Amino acid sequence: MERAIHPLLSHLPSMAAKNSFQITAFLRALFLILFTAVYTLVLGLPACTICLLDSSGRWFSALQRTWATWLLRTNGIRLSLRGLENIEKSHSYIFISNHASILDIPVILSALPFPVRFIAKKSLVWFPIFGWSLYLSGHILIDSGPRH
């Protein structure tokens with residue numbers, strides 16, 4: 001005997017498809033976190049050392065961009081950029097990200113053709129390697145704690 005499905009429910013995905021998507025999304029996120037840690041270890045220590053030796057920030061910026069590019073490529077993310085011809089390297093800019101994704105930072109780092117510095121929470125300095133490179137490279141660190 002065949003069961004009738006209500007017409008309004010016939011377009012909904014099955015529970016198996018929904019669970020499959022959740023597992024896939026979880027595994028992709030896990031993969032992203034794993035490679036973020038690996039690339040931070042591989043490039044972070046040299047980046048910290050370079051910050052101590054090169055005050056111009058050019059070498060650090062190159063390593064920062066490499067970290068971001070590796071992370072995006074490893075995770076199968078390709079950027080399609082438009083409008084870079086409107087950005088003059090001789091000018092200073094402020095770009096604002098809404099943190100719609102954890103990939104905002106790698107995308108900005110790999111997309112912009114010049115050194116990038118972020119405004120970040122001062123508490124990030126306590127994250128080994130990542131925080132140290134933020135501090136040593138001249139990113140702007142602010143205390144986001146409560147004011148007295």
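What number, rounded to the nearest 500 deg cm²/dmol, is the helix-based mean residue ellipticity at 222 nm of the chain, given -39500 (n - 2.57) per DSSP H run of at least four residues and division by all its residues?
Values: 4 runs with 71 residues, N = 148.
One gets -16000 deg cm²/dmol as the mean residue ellipticity at 222 nm.
Stretching Ser55 away from Phe31 to a fully extended chain increases their span by 5.3 nm, per 0.36 nm per residue minus the current alpha-carbon distance. Each of Phe130, Phe31 was scored by other Cβ atoms within 10 Å of its Cβ. Arranged with the fewest first, they read Phe31, Phe130.
Classify segment 66-124 from the C-alpha gyration tensor, please: rounded if a/c falls under 1.5, else prolate or oblate depending on whether a/b exceeds b/c. It is oblate, given that a/c is not under 1.5 and a/b is not larger than b/c.
What does the C-alpha gyration tensor say about the overall shape of segment 36-84? Classify as rounded when a/c is under 1.5, otherwise prolate if a/b is larger than b/c, or oblate. Write down the numbers at each step before the final one.
Details: a/c = 5.46, a/b = 1.45, b/c = 3.77.
It is oblate, given that a/c is not under 1.5 and a/b is not larger than b/c.
If you add up the charges near Asp143, with Lys and Arg at +1 and Asp and Glu at -1, over every other residue whose beta carbon is less than 12 angstrom from its beta carbon, what do you get?
Values: positive: Lys121, Lys122, Arg147; negative: none.
That sum, taken over residues with Cβ under 12 Å, equals +3.
By the count of neighbouring beta-carbon atoms within 10 Å, fewest first, Phe95, Phe60 end up ordered Phe95, Phe60.
Note on Glu85 and Ile23: the model spin-label points, each 7 Å out from Cα along the C-beta direction, lie 4.8 nm apart. Ser61: net charge of surrounding residues, Cβ under 14 Å, Lys/Arg +1, Asp/Glu -1, itself excluded? Here the count lands on +3.
Please state the charge dipole magnitude for the chain, taken about the Cα centre, from unit charges on C-beta atoms (+1 on K and R, -1 on D and E), reported in debye and rounded to the nearest 20. Walk me through the intermediate numbers first.
Working: 13 positive and 6 negative charges, 18 e Å.
Approximately 80 debye in magnitude.
Using a/c under 1.5 as the rounded threshold, could you call segment 27-148 rounded, prolate or oblate? The axes a ≥ b ≥ c are square roots of the C-alpha gyration tensor eigenvalues, and prolate needs a/b larger than b/c, oblate otherwise. The shape class here is rounded. Counting neighbouring beta carbons within 10 Å and listing from fewest to most, the residues Arg73, Arg65, Arg82 come out as Arg82, Arg73, Arg65.
No value in this document is a laboratory result; all are computed from the given coordinates. Quantities reported herein were computed from a predicted structural model and do not represent experimental measurements. Glycine also receives a Cβ, built like all others from the backbone with ideal geometry; neighbour counts cover every protein chain displayed.
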